[in-house]
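The block underneath contains the structure these notes are about, expressed in structure tokens.
The values are calculated or read from the model by the stated rules, or taken from the named source; none is laboratory data. A quick note: this is a predicted structure, and the numbers were derived from the prediction, not measured. Cβ sites come from the backbone with ideal geometry, for glycine too, and all protein chains shown count toward neighbours.
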Amino acid sequence: MKENTWNRKVILTTTENQKDALSHNNEGKELLRNSEIKILSMDDVAKFDDEFTILGGDRIAPNMMLVLSPYNDKTYVKIDEARAQLAVEKGLLTVRFCSLLGATSIKVIDVKQTDLDKQTEISLEGSAKGVSPEVKAEIAKIEKIKNQIEVVATARGGKPKFEKAERLLKENRLETDSFFKNLFNMVKDYEGEENRIGVLTKSVLLSHSMKDTLDIVGKVSFPVGYVKAGYKSSLKQKEQIFMTLEVSFESN
């Protein structure tokens, strides 16, 4: 699987029989001609596993749709779990970054979700009393995101490791992210001074729109039986997930 990344932004897994059948109908032929979608038969899964990983640790099964992570060309995520899994991934990268810059304490204060279409907001700091089952399910999702990030939210302090921090940004395409860029420059400005920055409380956007990739999927008519019926709902989601982080650079 040595294709360029634009030839495998989206991967659709199939059985060998399903892959062969694509050449016998118009929808299938169009799918095979699509240069941005890779058809991966189960016979080739071993090659995939040697080179790539799936966020969340899922094992490949037939009729899965995987999309390329915006942070790593070697990582994929199931399309129906992309929003939550990528939020966790960016949260973990944020914690690592703060630790590399010499943070002495990292606390996840809150995680909230905003729906741009419905103009609603769900926060872990709000009360869950009297809310609908649908909202309770969303609260459970963002609480799981918070818990997964908190597991690694530890810091030992010490001198900032600027080279490693810069490498993390470059390797994960976060160099232009305003939070990472501004925090890096702030710590750099106070390098060598006691107490440096003190304590910061910041809201970090964990969501990634992946609009270009999702547009690819939205334009394709998939043959019946090749993808789960609910995949289209993933294309319509307009929620954004934010994490409120308290980072201390004070000496212990």
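Miscellaneous remarks
- Condition check for Tyr71: part of a loop (DSSP other than H, G, I, E, B), under 13 Å from the mean Cα position of the chain (by Cα) and either buried (at least 18 other Cβ atoms within 10 Å of the Cβ) or at pLDDT 90 or above (or both): yes
- Selected residue (only one of Glu27, Glu138 is part of a helix (DSSP H, G or I) and within 24 Å of Gly225 (Cα to Cα)): Glu27
- Some residue of segment 216-223 being within 30 Å of Leu22 (Cα to Cα), among the β-branched types (Val, Ile, Thr), at pLDDT below 90 and in contact with a helix residue (DSSP H, G or I) (Cβ under 7 Å, 6 or more places away or on another chain): yes
- Close pairs (8 angstrom Cβ cut-off, 6 or more residues apart or separate chains): farther than 20 Å from Met42 by Cβ and of a type in the set (Phe, Trp, Tyr) in segment 63-92, part of a loop (DSSP other than H, G, I, E, B) and modelled with pLDDT of 90 or more anywhere: Tyr71/Asn172; Tyr71/Arg173; Tyr71/Leu174
- Any hit, segment 86-99, residues being outside any helix (DSSP H, G or I), of a type in the set (A, V, I, L, M, F, W, C) and within 23 Å of Arg167 (Cβ to Cβ): no
- Verdict on Ser203 being closer than 24 Å to Leu124 by Cα, among the polar types (S, T, N, Q) and loosely packed, with under 14 Cβ neighbours inside 10 Å: yes
- Criterion violated by Lys9 - all others in (1) modelled with pLDDT under 90; (2) out of contact with any helix residue (DSSP H, G or I) (no Cβ under 7 Å at 6 or more places or on another chain) satisfied: (2)
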